[in-house]
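The values are calculated or read from the model by the stated rules, or taken from the named source; none is laboratory data. Nothing here was measured: the structure is a model prediction, and the numbers come from that model. Note: ideal-geometry Cβ built from the backbone for every residue, glycine included; neighbour counts use all protein chains shown.
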Amino acid sequence: MTNPTAAASRDDGASTAVPAKRPVVGAAILDEWDAPHCLLAARRSAPESLRGLWEFPGGKVEAGEEPREALLREVREELGVELELGAEIAAPDPEGWLLANGARMRVFLAVIASGVPRPLEDHDRLEWTDLTDRDLHALDWIPADRPIVDALLDQVGLSTA
């Protein structure tokens, strides 16, 4: 983001600086690069408002951290695996996909480089879902992630449109 703060008005007319929302990163974890068949989806266990919804694993970018570095850290913490990152899934906005809370999320294609994924943090279930099956769209995705699923399918050449 080019502007790390945004002006906010108080009732007395004074302006205070409010930190901008931290960027968020997510991983579209595929079973392989050459001819992907499956996507690893993660079901949220918290917070209450997201419990039971499916998402791309990931999290917030910390101060001084690059997005790809943050994504590797977040997935290591949440799933216990190391990733190999690929291309970013192109969003309609250069800053990323708009989330319900106003933050922006950048999502990268990935494959597991080492480890076996387990729901260690923020998730209670993981599921490899067939990219060519209607089951992918049948998952109860976090609403902001639904257009990313469609963009992912387009990017890997499996568009359902």
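Observations, loosely collected:
- Scanning the range 126-148 for residues that are within 14 Å of the chain's Cα centre (by Cα) and in contact (Cβ under 8 Å) with a residue 60 or more places away in the chain returns Trp141, Ile142, Asp145, Ile148.
- Unmet requirement for Ala113, which otherwise passes all of (1) surrounded by 15 or more Cβ atoms within 10 Å (Cβ to Cβ); (2) modelled with pLDDT of 95 or more: (1)
- Pair list, Cβ under 8 Å, 6 or more apart: the range 24-51 residue buried (at least 19 other Cβ atoms within 10 Å of the Cβ), other residue hydroxyl-bearing (Ser, Thr, Tyr) and outside any loop (DSSP other than H, G, I, E, B): Leu39/Thr129; Leu40/Thr129; Ala41/Thr129
- Flag: Glu77 matches the condition of being touching a residue at least 12 places away in the same chain (Cβ under 8 Å), exposed (fewer than 14 other Cβ atoms within 10 Å of the Cβ) and either closer than 27 Å to Lys21 by Cβ or among the β-branched types (Val, Ile, Thr) (or both).
- Among the residues making up the range 39-63, those that are outside any loop (DSSP other than H, G, I, E, B) and either over 17 Å from Leu79 (Cα atoms) or aliphatic (A, V, I, L, M) (or both) are Leu39, Leu40, Ala41, Ala42.
- Residue count, the range 80-93 (criterion: touching a residue at least 60 places away in the same chain (Cβ under 8 Å) and of a type in the set (Gly, Ala, Ser)): 3
- Note on the range 131-161: residues that are hydrophobic (A, V, I, L, M, F, W, C) and outside any loop (DSSP other than H, G, I, E, B) amount to 9.
- When each of Asp135, Asp154 is tested for being of a type in the set (Asp, Glu), modelled with pLDDT under 95 and touching a Ser or Thr at 6+ places or on another chain (Cβ under 8 Å), the lone residue that passes is Asp135.
- Flag for Asp133 being surrounded by fewer than 14 Cβ atoms within 10 Å (Cβ to Cβ) and either in contact with a Lys or Arg (Cβ under 9 Å, 6 or more places away or on another chain) or over 23 Å from Trp97 (Cα atoms) (or both): yes
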